[in-house]
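> My questions will all concern the structure given below.
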Amino acid sequence: MAETKEKKDTLEREYVIPLRNEWRKVANYRRTGRAIKEIKKFIARHMKVPDRDLDKVKLDIYLNNEIWFRGKRKPPAKIKVRARKEGNIVKVELADIPEYVKFRMQKHEKLQKKLDKGKLKEVKEPEKPKEDKEVKKEDEEKKKDEKEKEKSIANLRALEAKQDLKAQKHTIKGKEPIIHRMALKK
C-alpha cells in the first residue's frame with residue numbers, strides 16, 4: 001500500500017485514503033469539508049507529523065479541486081494521494097493525475113510564465129509617453145461611458161416612477177368600495 005523513497009530528510013509515500021466512513025458521520029452539506037479534514041488527519045497520523053498538527057499538512061490546489069469537484073455534498077469515497085515530507089511539513093498531491101487536471105496544470109504553468117515575463121518587461125522597459133491618437137481614443141471612450149451611465153440612470157428613474165405610480169394606484173381611497181349582495185335563495 002505504501003511506496004517508500006528516502007532521501008536526505010525527505011520521505012515520500014503513496015496512500016489510498018478511505019473517506020466514505022468519515023464523511024457519512026456528518027450532515028450532507030458538510031461532507032466535503034469533513035473529507036478534507038480526514039485527509040489531513042490520515043496523513044498526519046501515517047507520516048508521523050509532530051503532535052499531529054494539521055497546519056503542517058499542505059494539500060495541493062489540484063487535489064483540493066478534485067475533492068470539491070462534485071460539490072460539498074458528494075465528495076469521492078476514496079482518493080489516491082502522494083505525500084512528501086520535507087522537514088516537519090508534509091505536502092500532499094494527487095498520485096494518479098487525470099488528463100483534464102494535467103491540462104489545467106499546463107495551462108496554469110503557461111499563465112505563470114507569461115506573468116513572470118510581463119513583470120520582467122515592466123522592470124526593464126520604462127513607460128512610453130502616450131500619443132495624441134491614444135489620448136483621443138481614451139477621451140472618446142470616457143465620453144461613451146458617461147453617456148451610457150446617463151442613459152442607465154434615466155432608465156432606472158423611469159422604472160422607479162412607474163413603480164411609484166403603480167403603488168399610488170393601489171393606495172388611492174377616493175373611490176368607495178362596491179358591495180355586491182346576493183339575493184337569498186328560497
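> Based on the alpha carbons, how large is the Rg to Rh ratio for region 20-111 when Rh follows Kirkwood? Write down the numbers at each step before the final one.
Numbers: Rg = 13.8 Å, Rh = 14.0 Å.
That ratio is 0.99, to two decimals.
> Still on this structure, please answer the following. Out of the DSSP beta bridges found with both residues in region 5-96, what percent are antiparallel (nearest 5)? The partial results should precede the final answer.
Working: 18 of 21 bridges.
Counting only bridges with both partners in region 5-96, antiparallel ones make up about 85 percent.
> Right, here's the next one. Taking region 55-110, which chymotrypsin sites (Phe, Trp or Tyr not before Pro) meet the DSSP loop condition and have no more than 16 other C-beta atoms within 10 Å? Could the numbers behind the result be given before it?
Numbers: sites: 62, 68, 69, 100, 103; in loops: 69.
Passing sites in region 55-110 are 69.
> Now a separate question. How do 31, 24, 82 rank when sorted from fewest to most other Cβ atoms within 10 Å of their own Cβ? Present the calculation step by step, with values, prior to reporting the outcome.
Details: 31 22, 24 11, 82 18.
Ranked by crowding around the Cβ, least crowded first: 24, 82, 31.
> While we're here: Place +1 on the Cβ of every Lys and Arg and -1 on the Cβ of every Asp and Glu in region 10-65, take the dipole about the Cα centre, and give the residue among 59, 46, 19 whose Cα lies farthest towards its positive end.
19
Each value in this text was obtained by applying a stated rule to the coordinates, not by laboratory testing. Source: prediction; values computed, not measured. Every residue, glycine as well, gets a Cβ built from its backbone with ideal geometry; the counts of neighbours run over all protein chains shown.
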